[in-house]
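Structure record follows, encoded as structure tokens.
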Amino acid sequence: MAKRPADGLRTVMRALRADLWTTAVSPAPRTPPATAGRSRLREWLPALAVPAVLVLAALHIAATNQYAFGYDMGMRVASLLAALQSAAVLVAVVRPVLAWWVATAVMPVVARYADVSAPGPDAMFPWTATGLVLQAAVLFAVALRCRPRIAAETLAISVLAGLGYGLFATGDTEGVPFAVLVLGLCAGGGVALRGRRVARTELAAQEELTAEERARRVLLQERTRIARELHDVVAHHMSVISIQAQVAPHLVRDPPAELRENLAGIRASAVEALTELRRVLGVLRADDGGTGGTGAAETPGAPALHPHDVRHAPQPTLDRLGDLAAAVRRAGVGVDTRTTGEPYALPPGIELSAYRIVQEALSNVARHAPGARARVEIGYHPAGLTVRVANTAPERAAPPWAGAGHGLLGMRERAAMLGGELAAGTIPDGGYEVTAILPVAPPAAPATPDGEDTP
């Protein structure tokens, strides 16, 4: 039983040594992103520095007078003690524990050299009114920069030291309760401010992590949506390959066995690939909750399809661009469409992605640019397709939108998947523009009967 108090005392001493016998400082909590209020505070800091220095100088003069004339220590000793206490306040900004040691060390010197036979009316031995303010400022800095346990330890030691010095020198502790109240309030205020700052920092870090997770989730959702649509296109082509391989032997009189065997193998491979595609498509659509929606951007004013119709409807192409523009006009947004260049057959993936980019861009105009007029331009070039959707400046502020707001992300994913580029931003007249360049691979050159490519 006797070992337990001794072990506890050794544990406490080790903790005190680790916390207080060091010149290091606990790292300050990372400051969250600046807000307007904190930005204004930084602007005022240079102006507040001059009054703070003046107040510290006034406290230094007052402490010097109190020690020199109230405690009859002599001007040299009084000036030295006051300078140490004032310097401790400045050092506390960067080394709070070291500053606390300096401020606390002044107390035994005061108790040793002070003549307290007739102390002044403001004396709270071993503190004076000014000395108490300086000590409280140091404790506030300790609580603000260090862990709460260190703040509690320094406060307790300061109070016990003051109580012991008062009893040793005068036997009177009448001023100690008021000193404890002042020191406790300053230390508690520092702990509260540090806790608030730590909480804000952790909240900012959590919000940043949540934003990253949300962006990652949205990116995966967009890629899954694009994959569902492209799987529909690939499945259609695999079905065509299977049917053509099945019909081809009947188009040739007395086809050789090798041809029948090869075509049968092609059809079997196509059917097997189609089966696997349907399995993958089922996995990709498993999170639709039975709705089977395509996940495409919902166009304002467009007629809603039954879930079964959406699931089995063919993927749209640029041939339906007129219907899309008409639906947006019914929603109250003026739309002009224009096609440049000589239209030619595009790969299904290009057609689908171009349609979806226009659809999402027009949806954004309806949501975020009330009263604006949109312009859609489709440009056919030998190297690819250019899609441009621009709108004029909105006539009024847009209402708050509670959606996920990842339309641009989906458009960029579509362009990047096809090896293209997408740029979006404001234009000089106050409107907004989205431009996508989708490259199209040139068709393969036909082969000659001898198997050589034509020039």
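The values are calculated or read from the model by the stated rules, or taken from the named source; none is laboratory data. Source: prediction; values computed, not measured. Positions of Cβ are generated from backbone atoms using ideal geometry, with glycine treated the same way; all protein chains shown enter the neighbour counts. Remember, those area values only see protein heavy atoms, side chains included, never the ligands or the DNA or RNA. Shrake-Rupley method; radii C 1.70, N 1.55, O 1.52, S 1.80 Å.
Here are some notes:
- Number of the condition not met by L80 [criteria: (1) at pLDDT 80 or above; (2) farther than 26 Å from I150 by Cβ; (3) open to solvent by less than 50 Å² (accessible area, probe 1.4 Å)]: (3)
- Residues within the range 424-441 that are part of a strand (DSSP E or B), of a type outside the set (V, I, T) and open to solvent by 40 Å² or more (accessible area, probe 1.4 Å), tallied: 3
- L274 satisfies every condition listed in (1) surrounded by 15 or more Cβ atoms within 10 Å (Cβ to Cβ); (2) of a type outside the set (G, A, S); (3) at pLDDT 80 or above except (3).
- Listed by first and then second residue, the pairs with beta-carbon distance under 8 Å, at least 6 apart or on different chains, first residue in the range 190-201 and more than 18 Å from A92 (Cα to Cα), second part of a helix (DSSP H, G or I) and not acidic (D, E), are G195/P148.
- Criterion: open to solvent by less than 60 Å² (accessible area, probe 1.4 Å) and of a type outside the set (V, I, T) - qualifying residue of E229, E202: E229
- Members of the range 325-351 found to be hydrophobic (A, V, I, L, M, F, W, C) and out of contact with any helix residue (DSSP H, G or I) (no Cβ under 6 Å at 6 or more places or on another chain), listed by number: A325, A326, A327, A345, L346, I350
- Exclusive hit being modelled with pLDDT of 75 or more and of a type in the set (D, E, K, R), set E229, E174, E208: E208
- Pick from the range 63-76, criterion assigned to a helix (DSSP H, G or I) and buried (at least 18 other Cβ atoms within 10 Å of the Cβ), ranking: modelled with the highest pLDDT: T64
- Condition met for A327 (modelled with pLDDT under 90, open to solvent by 10 Å² or more (accessible area, probe 1.4 Å) and either in contact with an Asp or Glu (Cβ under 9 Å, 6 or more places away or on another chain) or farther than 23 Å from R412 by Cβ (or both)): no
- Of all residues in the range 386-400, those that are part of a strand (DSSP E or B) have Cβ atoms under 9 Å from Cβ atoms of residues that are open to solvent by 60 Å² or more (accessible area, probe 1.4 Å) and of a type in the set (K, R), 6 or more apart or on another chain, in R388/R375; V389/R375; A390/R375; N391/R373; N391/R375.
- Answer from V333, V365 - the residue that is among the hydrophobic types (A, V, I, L, M, F, W, C), in contact (Cβ under 8 Å) with a residue 12 or more places away in the chain and more than 16 Å from A436 (Cβ to Cβ): V333
Every residue, every condition in (1) touching a Gly at 6+ places or on another chain (Cβ under 9 Å); (2) modelled with pLDDT of 85 or more; (3) within 30 Å of A211 (Cα to Cα), yes or no:
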position	(1), (2), (3)
I350	yes, yes, no
G407	no, no, yes
M411	no, yes, yes
G425	no, yes, yes
E433	yes, yes, yes
P439	yes, yes, no
D450	no, no, no
